[in-house]
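Comments concern the structure below.
The values are calculated or read from the model by the stated rules, or taken from the named source; none is laboratory data. Owing to the predicted nature of the structure, the values given are computational and were not obtained by experimental measurement. Cβ atoms come from the backbone with ideal geometry, glycine included; neighbour counts cover every protein chain shown. The area values use the complete protein model at the heavy-atom level, side chains included, leaving out ligands, DNA and RNA. Shrake-Rupley method; radii C 1.70, N 1.55, O 1.52, S 1.80 Å.
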Amino acid sequence: MAFLDIEHLEKSYGPTKVVKDFNLGVEKGEFVSFLGPSGCGKTTTLRMVAGFETPSQGAILIDGKDMLRLRPNQRNIGMVFQSYALFPNLTVAQNVAFGLRVAGADKGMVAERVAEMLETIGLPDLGNRYPFQLSGGQQQRVALARALAVRPKVLLLEEPLSALDAKIRVSLRGEIRAIQQKLGITTINVTHDQEEALSMSDRSVVMHQGIADQVGTPFEIYNRPATRFVANFVGTLTLLEAEVLDPASGRVSIGGTEATLGRKLPKGSVTLAVRPEMVSLGTAPGRETEVTGRIVDVDFLGSVIRLRARIGDATLAFDTFNDSHANPPKVGSEVTLSLAARDLLLIGE
């Protein structure tokens, strides 16, 4: 049994089922992200774990103890909200101490714990400030410290970085991950930001229409998507329709170009996908399949330039590194692209 067990969890609002037979085991100290678009059920699932929503059916156990009979304040769960939810009339130190005071902790322990938490989040000298005197990133750190001060068994993060600008998000997600690993606290993070989920998590749960489409490590989610939705949602790729010529060897025809995948395929036609970084401009060692296309789009992304070329009925995205001494191909120019058949992903439904 895992430290946090979610078993056959469902939630319906009238005839609409928003979470469907959700199952997940989270180990002690593990960081798991629920990833998906708006309306996929990730926040509803998080709120059921917290006790703010009542499941239509299913079970939630923490360290073997049934949570469904307990109110939110009895579950020993810390939660960081998207809006921070700091008390504006309390100082930073008073905000961090709030849960401890409600629990009846003595003053000496509260002071010691608050000092420890402010040191942990890197704000040891800001205890006397009020929330309005802090930046967004600092407010989020205080919200995290308040959640951690009561030493919860499980930490829940509800899109904690969505209100911050891009540069602060990147910095703060590293800090949150470092604090989580230092304390060894079991954590569930809800986000629609795939980069955030992949960079912070031990495992990610990609949700779609109330269902966990795939559960896996960031490497597995990105490199071996289990469904068409996961393949399209996580990262950038090109979907290619291919005709299977030899199911046993995996030989296919992609817009008239043949490739052998070296694995068994079903008869008929299949959908293949390829990531932009798996495609090279021109001939490349180890990438034996070559196709010819015409550039239709060029996006300058700094260190990387993303181009799109029309290949038959498909548009193939590929990346090249920025070279200040060489201009990328122009829109309308004809190019040869190479890729390895082993990098073509077989996409299910």
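Odds and ends about this structure:
- Any hit, segment 219-235, residues being on the phi > 0 side of the Ramachandran plot and open to solvent by 50 Å² or more (accessible area, probe 1.4 Å): no
- Any hit, segment 34-44, residues being under 24 Å from ARG151 (Cβ atoms), open to solvent by less than 10 Å² (accessible area, probe 1.4 Å), modelled with pLDDT of 95 or more and under 19 Å from the mean Cα position of the chain (by Cα): yes
- Here the strands (runs of 3 or more DSSP E) wholly within segment 23-131 that include at least 3 residues being more than 20 Å from LEU183 (Cβ to Cβ) are 57-62.
- From the list GLN74, GLN82, the one residue that fits, being in contact (Cβ under 8 Å) with a residue 60 or more places away in the chain and either more than 13 Å from ALA149 (Cβ to Cβ) or open to solvent by 70 Å² or more (accessible area, probe 1.4 Å) (or both), is GLN82.
- Identity of the residue in segment 142-165, open to solvent by 50 Å² or more (accessible area, probe 1.4 Å) and either outside any loop (DSSP other than H, G, I, E, B) or aliphatic (A, V, I, L, M) (or both), that ends up nearest to MET67 (Cα to Cα): VAL150
- Condition met for VAL215 (within 21 Å of LEU339 (Cα to Cα) and either assigned to a helix (DSSP H, G or I) or not hydroxyl-bearing (Ser, Thr, Tyr) (or both)): no
- Selection of segment 214-226 for residues being touching a residue at least 60 places away in the same chain (Cβ under 8 Å) and within 11 Å of PHE34 (Cα to Cα) yields only VAL215.
- Listed by first and then second residue, the pairs with beta-carbon distance under 8 Å, at least 6 apart or on different chains, first residue in segment 233-259 and closer than 30 Å to LEU198 by Cα, second among the acidic types (Asp, Glu), are GLU241/ASP313.
- Candidates ARG342, ARG306: the one that is open to solvent by 30 Å² or more (accessible area, probe 1.4 Å), in contact (Cβ under 8 Å) with a residue 24 or more places away in the chain, part of a helix (DSSP H, G or I) and closer than 21 Å to VAL234 by Cβ is ARG342.
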